[in-house]
Amino acid sequence: MNSRHKHSGVTMIELLTVMSIATILMLIAVPSYRYVTTSNRVAGEINGLLGDLQYARYEAIKEGLSVQICPTTASTDTACAATATNWSGGWIVLSNASAVLRRQLPFSSFNSSDVLTASTGATPVAFNREGFVSSGAAKFLLQDPTSNSAFTRCLMVNVAGALGTTTSGNSLYSVTC
């Protein structure tokens, strides 16, 4: 009599094949994941500034008073940082240059070392009661630590108070990022 035993398990060839396929998939997935997370973080940060600028403009029109948004150097500041062009330390929205309406924490508190600068030196951006920018047009540039142009975002404010964002190499309001 021949007794046959059924063996269960995997052979070495099968194991190596599965491990090879898993390694190839990881090599493809990890860079894509890094791109998606960095792109989403940068978009979220620039949209935070965009939202606060829109809020400042809305408040200026609603209250009929001047409202400004400006960079700060500490998360407890109640006044604008003097002549600062680096907005990575956070910003505040001030009503009539006195009452803090909103505050944005520094990017470093979100485990980000992205750099947000006002390339036109717009400090502060002030909206008058009609919603126009009384401080002149402003352009903001947000870059990740690698300065990769794929992650660079621009936010522009024209004198009419129109706001918009674009990516590196594109133009908005006749200004190239």
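Summed over the range 143-168, residues that are more than 15 Å from Ile69 (Cβ to Cβ) and in a strand (DSSP E or B) total 7. When residues in the range 51-83 are screened for being crowded, with 19+ Cβ neighbours inside 10 Å and either small (Gly, Ala, Ser) or under 12 Å from the mean Cα position of the chain (by Cα) (or both), 3 of them pass. All of Thr78, Thr37 fail the test of being modelled with pLDDT under 90, over 13 Å from Val125 (Cα atoms) and either basic (Lys, Arg) or touching a strand residue (DSSP E or B) at 6+ places or on another chain (Cβ under 6 Å) (or both), apart from Thr78. Across the range 120-142, which residue is farthest from Ala60 (Cα to Cα) among those that are free of Cβ contacts under 8 Å to residues at least 60 places away in the same chain and in a strand (DSSP E or B)? Step by step, filter the range 120-142, then rank; the result is Leu141.
The values are calculated or read from the model by the stated rules, or taken from the named source; none is laboratory data. These numbers come from a predicted model, not from an experiment. Cβ coordinates were reconstructed from backbone atoms using ideal geometry, including for glycine residues, and neighbour counts include every protein chain displayed.
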